[in-house]
Amino acid sequence: MKMPKWLVPTLYILFLLLPIYWLVSMSFKTTNEILGTFSLWPQEFTLANYITIFTDPTWYNGYFNSLTYVGMNTLLSVSVALPAAYAFSRYRFLGDKHLFFWLLTNRMAPPAVFALPFFQLYSAVGLFDTPIAVALAHCLFNIPLAVWILEGFMSGVPKELDETAYVDGYSFGRFFIRIFIPTIAAGIGVVMFFCFMFSWVELLLAKTLTSVAAKPIAATMTRTASTAGYELGLLAAAGTLTIIPGAFVIWFVRNHIAKGFALGRV
Amino acid sequence: MAKITLDQVRHSYLDHPESPDDWALKELDVVWSDGGAYALLGPSGCGKTTLLNVISGLLQPSHGRVLFDDRDVTNVPSEHREIAQVFQFPVVYDTMTVFDNRAFPLRNRGIPEAQVKSRVEEIARMLDLEAALGNRASGLTADGKQKISLGRGLVRSDVNVIMFDEPLTVIDPHLKWQLRSKLKELQQEVGATMIYVTHDQTEALTFADKVVVMLEGQVVQIGTPEELFDKPGHTFVGHFIGSPGMNLLPCEIIDGFPSFLGHKLDIAQAVDVPADATRMEIGVRPEFLHFDSKGLPVDIVRVDDVGRYRIVEVSHKSHAIKLVTPENVPIPEDKGHLAFDLTKTHVYADGWIIN
Amino acid sequence: MIDKTVNQRAWFLVLPVVVLVAFNALIPLMTVVNYSVQETFGNNVFFFEGVKWFEQILNSERFHASLLRQLSFTGIILLIEIPLGVAIALSMPKKGPWVSVCLVLMALPLLIPWNVVGAMWNIFALPDIGLLGRMINGMGFDYNFTQQPLAAWFTTVLMDVWHWTSLVVLLAYAGLSSIPDAYYQAARIDGASAWSVFRFIQLPKLKRVLTIAILLRFMDSFMIYTEPFVLTGGGPGNTTTFLSIDLVKIALGQFDLGPAAAMSLIYFLIILVMSWIFYTLMMRNEEQ
């Protein structure tokens with residue numbers, strides 16, 4: 001018996017979608033229905049959970065907080081990684097290989113190890129409970145990653161491009177911004193995707209470095225689950241909302257993802 | 001070995017081809033005789049590779065049949081057609097040794113190991129590659145890898161046809177010549193039908209007994225290198241083969257004989273003009289023109305000395321004409337007269353030769 | 001490969017990166033090292049303790065148990081996710097509109113915040129209100145991951161497979177799509193079986209991306225914290241308390257800074273050493 005080839009990916013995608021479906025379906029149910037009856041789809045369809053989230057500032061602020069630090073981190077990581085990746089891909093300098101390796105070891109540092117020292121460090125410099133703290137902390141793993149991926153893209157650009165530009169009288173800065181960055185635009189897109197992704201999904205550090213003012217959405221959810229008893233509908237609705245930005249971003253970079261992965265660097 | 005027949009083969013990569021341009025191959029009827037050395041020549045994108053894939057079975061033609069001898073193989077998959085193909089870029093199995101690479105097609109067919117060994121060694125001897133058999137294939141240079149691909153093609157004694165898809169593209173120029181003559185030698189030794197795809201006329205003319213010239217999905221001429229040179233079947237062939245290409249001059253036909261701006265040519269045989277012809281041309285190669293005391297009056301424009309002969313560009317009433325003259329033949333100063341070799345001057349209607 | 005010119009001024013280009021990463025890596029690391037050799041009774045009074053905490057951690061049953069759980073978990077998910085990911089990548093369409101659809105849907109789990117993943121699986125697997133829990137119990141198994149260690153492990157592993165197999169799929173898919181068509185055509189003409197095609201064409205080309213996939217999955221699964229913490233809270237008992245969960249329990253729960261710091265360093269070192277061993281082994285394999 002021969003299995004049709006599409007069966008495997010289809011089954012796999014179904015398996016991926018099942019828990020997500022359950023979350024989304026639960027977000028449209030009332031708490032009574034969730035706890036009282038077992039139903040495959042909402043019997044009493046309700047938007048109440050979403051209304052709560054969009055009207056209660058502790059909820060929707062969490063959403064903004066998350067997007068703020070993720071956005072800041074992505075921009076920061078990419079903008080400092082660009083010149084560094086250029087240096088690694090074009091020049092040899094004292095300690096370059098060791099530096100590169102050291103950067104990568106930070107990708108291997110368990111966030112749990114750094115949770116407490118980060119808390120103390122950012123309290124000491126007065127940034128505790130601000131989006132800046134989380135944005136800076138996430139640089140720990142995002143910058144090494146960004147440098148790594150960008151270096152791969154840049155090494156694929158022939159050196160003649162740089163040399164021609166310098167012969168034509170471009171200064172380094174003007175060449176870098178006017179010519180080089182547009183050339184590797186696809187690579188920058190891929191890097192931004194990964195920076196966004198890892199900053200968006202990481203929570204241990206984000207939670208440790210915030211308390212009230214800058215609390216990320218996902219951490220607000222945890223609080224709901226513990227303090228307000230089991231408001232599962234609300235929890236499901238908030239969870240559903242955290243999936244949307246990710247889905248949105250994937251859709252934009254869908255044609256570049258495979259290419260980014262093809263470089264074998266993530 | 002087998003004779004290969006393409007019977008009304010057409011192919012389109014689209015599901016619903018409409019205009020003629022949608023067809024990658026337009027109606028082909030070609031017979032490749034057993035043991036022949038063919039070159040398939042044409043510019044990039046003319047359908048050479050498509051045609052090759054139709055023969056090898058990697059592609060099912062939209063219409064028509066492919067026959068090996070008298071067996072219809074149109075629906076037979078590649079692995080059962082008993083053919084070999086060498087690709088543009090060397091395909092080697094990196095993890096295997098040179099020996100295992102060569103032996104792969106034989107082992108896949110369950111041939112006893114002793115026979116595999118003797119066959120692989122025999123081919124290695126032919127390709128002068130005995131020493132490297134135990135090495136890993138991944139460390140080789142491009143030409144070494146391409147020799148492995150060649151070896152895989154030659155190793156099976158039962159192949160119907162061996163096809164080469166621009167196999168020398170990635171090879172250094174000085175090795176190209178060497179590999180090409182090796183191929184030619186092997187073809188004569190093995191006697192297999194070979195089809196060699198290229199867009200390089202030198203490669204085609206030196207390798208093949210017969211050259212198949214393709215243009216825009218159709219075969220425009222099949223012939224020996226001499227035939228292509230002396231009597232191009234299509235203005236494209238005249239232009240594509242030979243350097244410089246054939247001269248084309250607009251003409252009208254008076255009583256079956258061509259006349260170029262009032263200059264009538266008494267060619268060997270009177271021609272019949274097809275009723276729907278819109279564009280008539282005289283085609284004559286630069287090699288078949290010479291200066292004479294009378295004939296077509298021309299102005300000398302320039303002379304290029306390219307070694308053993310010279311290329312002279314002349315003009316007649318703003319029509320440029322090129323001719324090739326040997327070194328020892330004098331060239332008139334400013335003006336002269338051109339004489340045509342009338343047995344090798346042809347008339348073309350809308351690009352196609354008429355007799 | 002680009003041949004690089006020697007230029008010491010390139011340091012200016014890497015300086016911002018070095019400053020930012022050093023700020024985040026070196027200062028906390030120094031704090032951790034500092035704690036790991038001292039004893040505190042509060043009020044910022046510290047006593048030097050030498051390697052006492054290291055000895056204590058290395059000899060503690062608790063650490064051995066978490067390490068063993070961690071190693072088993074990482075081993076299990078690698079054994080499942082790598083072959084599964086490769087198998088799925090092999091059966092994906094090579095081109096056409098479905099490729100984008102597949103890639104987008106498969107990448108979805110990767111972009112969900114980790115505690116949402118945990119929470120989602122919690123409500124998905126709960127025996128009374130979860131779809132999965134109901135289904136398994138409906139098939140006649142007695143399943144309750146909040147009570148039974150085996151069920152808790154099963155759920156945690158399944159969640160990780162759900163969460164991360166796509167990463168392997170995407171990497172393997174990218175590796176596969178870098179194989180030129182001519183290889184498959186040559187193999188067909190050579191009469192190769194599907195197994196031979198996999199063994200001699202696809203697997204060799206996948207080696208590089210699989211090295212990266214294994215490394216990444218090893219590192220990330222070794223650091224796992226949020227998802228199992230939200231799903232099971234490390235329980236029932238301590239049965240799903242992995243290294244990170246244990247570490248946070250000691251550091252933030254019991255505020256035993258010295259042992260926690262010593263454990264952090266040991267933990268970090270294990271990851272570094274194992275990654276290095278993996279990496280060199282696989283690279284040496286590649287060179288042969």
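Dipole magnitude of chain B about its Cα centre, charges +1 at Lys/Arg Cβ and -1 at Asp/Glu Cβ only, in debye to the nearest 20?
My answer is approximately 900 debye.
Since only B:60, B:181, B:149 are under comparison, the one whose Cα sits farthest along the positive direction of the charge dipole of the protein assembly as shown, derived from C-beta charges on Lys, Arg, Asp and Glu, is B:149. Here residue C:52 and residue B:243 are evaluated by their C-beta separation; at R0 = 60 Å the FRET efficiency comes out at 0.10.
Using only the Cα atoms of chain C, build the gyration tensor, take square roots of its eigenvalues as a ≥ b ≥ c, and label the shape rounded, prolate or oblate: rounded if a/c is under 1.5, else prolate if a/b is larger than b/c, else oblate.
Values: a/c = 2.24, a/b = 1.27, b/c = 1.77.
Oblate is the answer for chain C, as a/c is 1.5 or above yet b/c matches or exceeds a/b.
With a cut-off of 11 Å on the backbone N, the residues of region C:56-73 near the modelled label site 7 Å out from residue C:238 along Cα-Cβ are C:60-69. The loop-placed GluC sites (Glu not before Pro) in region B:1-88, going by DSSP, that have at most 14 neighbouring Cβ atoms within 10 Å of their Cβ come out as B:18. Taking θ as phi - 60° and the Karplus parameters 6.51, -1.76 and 1.60, the scalar couplings of region B:97-104 work out to 7, 4, 4, 5, 4, 5, 7, 3 Hz in sequence order, x denoting glycine and proline.
Take every Cα pair under 8 Å whose residues are at least 6 apart in sequence, average their separation, divide by the length of region B:247-354, and the relative contact order is 32 percent.
Per residue of the protein assembly as shown, what 222 nm ellipticity follows from adding -39500 (n - 2.57) for every DSSP H run with n ≥ 4, rounded to the nearest 500? Don't skip to the end; give the middle numbers.
Values: 34 runs with 481 residues, N = 909.
Computed ellipticity for the protein assembly as shown at 222 nm equals -17000 deg cm²/dmol.
Comparing A:197, A:108, A:154 in a Gaussian network model of chain A (Cα springs below 10 Å), the most mobile by mean-square fluctuation is A:108.
The residue among C:123, C:212, C:60 whose Cα reaches farthest toward the positive pole of the charge dipole of the protein assembly as shown, with charges on the beta-carbon of Lys, Arg, Asp and Glu, is C:60.
In this structure the amide hydrogen of residue B:164, modeled in the peptide plane, comes within under 5 Å of the amide hydrogens of B:86, B:195, B:196, B:197, none closer than 5 places in sequence on its chain. Near residue B:215, the amide H atoms lying under 5 Å from its own belong to B:220; only residues 5 or more places off or on other chains count, and H is placed 1.01 Å from N. For chain A, the membrane-span-like helices by this rule, meaning whole DSSP H stretches whose C-alpha atoms cover at least 20 Å of axis and whose Kyte-Doolittle mean is 0.0 or above, are A:7-27, A:57-90, A:131-155, A:185-201, A:232-262; this says nothing about an actual membrane. Remark: the residue A:40-residue A:254 segment gains 73.9 nm on full extension, using 0.36 nm per residue and subtracting the alpha carbon distance. Which of rounded, prolate, oblate describes the protein assembly as shown, given a ≥ b ≥ c as roots of the alpha-carbon gyration tensor eigenvalues and a/c under 1.5 marking rounded, otherwise prolate only if a/b is larger than b/c? Cα axes put the protein assembly as shown in the prolate bin. Taking the DSSP bridge list for chain B and keeping only pairs wholly inside it, about 75 percent are antiparallel.
Distance between the C-alpha centres of region C:127-201 and region B:177-198: 48 Å, rounded to the whole angstrom.
Expressed to the nearest 5 percent, the antiparallel share of DSSP beta bridges inside the protein assembly as shown is 75 percent.
Computed from the C-beta positions of residue A:48 and residue C:101 and an R0 of 30 Å, the FRET efficiency is 0.35 to the nearest 0.05.
Among B:258, C:189, C:37, flag the residue with its Cα farthest along the positive direction of the charge dipole of the protein assembly as shown, charges on Cβ as +1 for Lys/Arg and -1 for Asp/Glu. Farthest towards the positive end: C:37.
A simple rule links phi to the HN-Hα coupling: the Karplus curve 6.51 cos²θ - 1.76 cosθ + 1.60 with θ = phi - 60°, which for region B:8-17 gives 6, 7, 9, 8, 10, 7, 8, 6, 10, x Hz, with x for Gly and Pro.
Quick one: length gained pulling residue A:55 to residue A:211 fully straight, 0.36 nm per residue minus the C-alpha distance?
Details: separation 156, 0.36 × 156 = 56.16 nm, distance 2.08 nm.
Answer, rounded to one decimal: 54.1 nm.
Take the Cα of residue B:94, step 7 Å toward its Cβ, do the same at residue A:183, and the gap between the two points is 2.7 nm. Among C:143, C:183, C:173, determine the one that fluctuates most according to a GNM of chain C built with springs between C-alpha atoms less than 10 Å apart. Looking only at C:143, C:183, C:173, the largest GNM fluctuation is found for C:183.
Please compute the contact order of chain A in relative form: average sequence separation of alpha-carbon pairs under 8 Å and at least six residues apart, divided by the residue count, as a percent. Working shown, then result.
Working: 265 pairs, mean separation 84.6, N = 266.
It comes to 32 percent, rounded to a whole number.
For the options A:62, A:152, A:36, a Gaussian network treatment of chain A with springs between C-alpha atoms closer than 10 Å singles out A:36 as fluctuating the most. A straight Cα-to-Cα reach below 12 Å connects residue A:159 with the aspartates and glutamates C:3, residues fewer than 8 places away in its own chain not being considered. Sequence-ordered 3J(HN,Hα) estimates for region B:143-156 from the Karplus curve with 6.51, -1.76 and 1.60 and θ = phi - 60° stand at 6, x, 5, 5, 5, 5, 4, 4, x, 4, x, 8, 5, 8 Hz, glycine and proline given as x. Distance from the Cα centroid of region A:153-171 to that of region B:278-355 is 49 Å (rounded to whole angstrom). Taking amide H as placed 1.01 Å from N in the peptide plane, the amide H of residue B:28 sits under 5 Å from that of B:8, B:9, B:10, each at least 5 places away or on another chain.
Checking the Cα-Cα distances for B:294/B:344; B:48/C:205; A:5/C:94 against a 21 Å cut-off, the pairs over it are B:48/C:205.
Using a/c under 1.5 as the rounded threshold, could you call chain B rounded, prolate or oblate? The axes a ≥ b ≥ c are square roots of the C-alpha gyration tensor eigenvalues, and prolate needs a/b larger than b/c, oblate otherwise. In terms of gyration-tensor shape, prolate. Counted over region B:72-229, the DSSP beta bridges are approximately 45% antiparallel. In this simple spin-label model, placing a label point 7 Å from the Cα along the Cα-to-Cβ direction at both residue A:32 and residue B:117 gives a separation of 8.5 nm.
A short reminder: the numbers here are calculations on the coordinates, not readings from a lab. The shown structure was predicted, so the numbers you read here are calculated from the model rather than taken from an experiment. Every residue, glycine among them, receives a Cβ derived from its backbone with ideal geometry; neighbour counts consider all protein chains shown.
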